[in-house]
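Novice: First the structure, then my questions, so here it is.
Derivation of every value follows stated rules applied to the coordinates shown; laboratory data play no part. All figures in this text were calculated on a predicted structure; none of them were measured in a lab. When we count neighbours, we look across all protein chains shown, and the Cβ atoms used for this are built from the backbone with ideal geometry, even at glycine.
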Amino acid sequence: AQKITQTQPGMFVQEKEAVTLDCTYDTSDQSYGLFWYKQPSSGEMIFLIYQGSYDEQNATEGRYSLNFQKARKSANLVISASQLGDSAMYFCAMREGRLGTGNQFYFGTGTSLTVIP
Amino acid sequence: GAGVSQTPSNKVTEKGKYVELRCDPISGHTALYWYRQSLGQGPEFLIYFQGTGAADDSGLPNDRFFAVRPEGSVSTLKIQRTERGDSAVYLCASSSRGAKETQYFGPGTRLLVL
C-alpha cells in the first residue's frame, strides 16, 4: 500500500482564490510527522508546513494551512489567496515513528498546481 | 544563506562508468539523506546518515550504489557501472534533531546516463 497518496495530478486555481491539495497517508505508528513541500520548475524542494501527529491544532504558516483529520488519515494543504508564484509541484510527505528513531520520509507523487491570472 | 549544496548540478556519463555525487549539508545538521527523483515522481528514499554512520540504507536499489559520510558532514553518493535507468535527479537533504526534524533539500544533481 502507498504510504502517501495524492489523487490530484493537476489542479488549476484562479489568482487570489483559495485551493486545497489533497493528501492521505497510511501508517500504523501513533507518532509521525506530516510535511508539505513545494517544488518549482527550478527543482529545489522548499519546505512549507509541518503537522505532528499529536498536534491538536491545525498547522498554519502564512498563506498555508494544513487541514489535519487524523481519523481519516488526511492532511490536506490549503493555500489561501493564490499567487502566480504558487504555480509548482506540491508534495506531501510523512515521517514515521518517534523523533530520532530513524527518519525515513515517504513522499507522494505530487500535485501540479497552476495559478491562472 | 548556508543551505544544502550539491555538486555537480548536472552530470552526463556513459553507461558503465562510475560517478560520484557530492552533498554538503547545512552546518550543524547531524542527519543527512539521499533521495532519487525520477521524472513525474516524488523523491524516493535511498539512504539516511546520522553522523558518520548509515542508519538506514534500505532504499539503495542494488550494490552498485554506495554512500559515505566519513567526517559526519559532507556525503558522497557513489554509483558504479551506471545504467541508463539510473538517470534521475539525486536530491540530498539534511536535518537537525529537534521538534520537527524537518528536512531541508539541496538543488539536486541531474544525472543522465547515455
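Novice: Once the Cα atoms of the protein assembly as shown are picked out, what are the Rg and Dmax in Å?
Specialist: Values for the protein assembly as shown (Cα only, Rg and Dmax): 17.6, 52 Å.
Novice: Still on this structure: Please report the net charge: other residues with Cβ closer than 13 Å to the Cβ of A:Met89, K and R +1, D and E -1. Don't skip to the answer; put the middle values down first.
Specialist: On the way: positive: A:Lys38; negative: A:Glu44, A:Asp86.
Surrounding charge for A:Met89 is -1.
Novice: For every other residue with a beta carbon closer than 14 angstrom to the beta carbon of B:Ile47, add +1 if it is Lys or Arg and -1 if Asp or Glu, then tell me the sum.
Specialist: Numbers: positive: B:Arg36, B:Arg64, B:Arg69, B:Lys78; negative: B:Glu44, B:Asp56, B:Asp57, B:Asp63.
Summing Lys and Arg as +1 and Asp and Glu as -1 gives 0.
Novice: Rank these for me by crowding, B:Val12, B:Val4, going from fewest to most other beta carbons within 10 Å. Display every interim value, and only then the final one.
Specialist: Numbers: B:Val12 12, B:Val4 23.
The order, fewest Cβ neighbours first, is B:Val12, B:Val4.
Novice: Right, here's the next one. Which percent, to the nearest 5, of DSSP beta bridges fully inside segment B:2-114 are antiparallel?
Specialist: Numbers: 33 of 37 bridges.
Among the beta bridges of segment B:2-114, antiparallel pairing accounts for roughly 90 percent.
Novice: If I take all pairs of Cα atoms in segment A:22-101, what percentage of them are more than 15 Å from each other? If you can, show how the numbers build up before the last one.
Specialist: Details: 1756 of 3160 pairs.
Here the long-distance tail beyond 15 Å is 56 percent of all Cα pairs in segment A:22-101.
Novice: Now, a different point. Report Rg/Rh for segment B:1-112, rounded to two decimals, where Rg is the Cα radius of gyration and Rh the Kirkwood radius. Mind dumping the intermediate values first?
Specialist: Values: Rg = 13.2 Å, Rh = 13.9 Å.
We get a ratio of 0.95 for segment B:1-112.
Novice: Would you tell me the mean number of C-beta atoms belonging to other protein chains that fall within 10 Å of each C-beta in A:48-61, as a whole number? Can you show the working numbers first?
Specialist: Details: counts 0, 1, 4, 1, 2, 0, 0, 0, 0, 0, 0, 1, 0, 0.
What the average comes to for A:48-61 is 1.
Novice: Where a Cα-Cα gap under 17 Å defines reach, which aspartates and glutamates qualify for A:Lys3, not counting those fewer than 8 residues away within the same chain?
Specialist: A:Asp22, A:Asp26, A:Asp29, A:Glu96, B:Glu44
Novice: Here is a further query. Magnitude of the Cβ-charge dipole of segment B:1-69, K/R +1 and D/E -1, about the Cα centre, nearest 20 debye?
Specialist: Working: 7 positive and 7 negative charges, 44 e Å.
Here the size comes out at about 220 debye.
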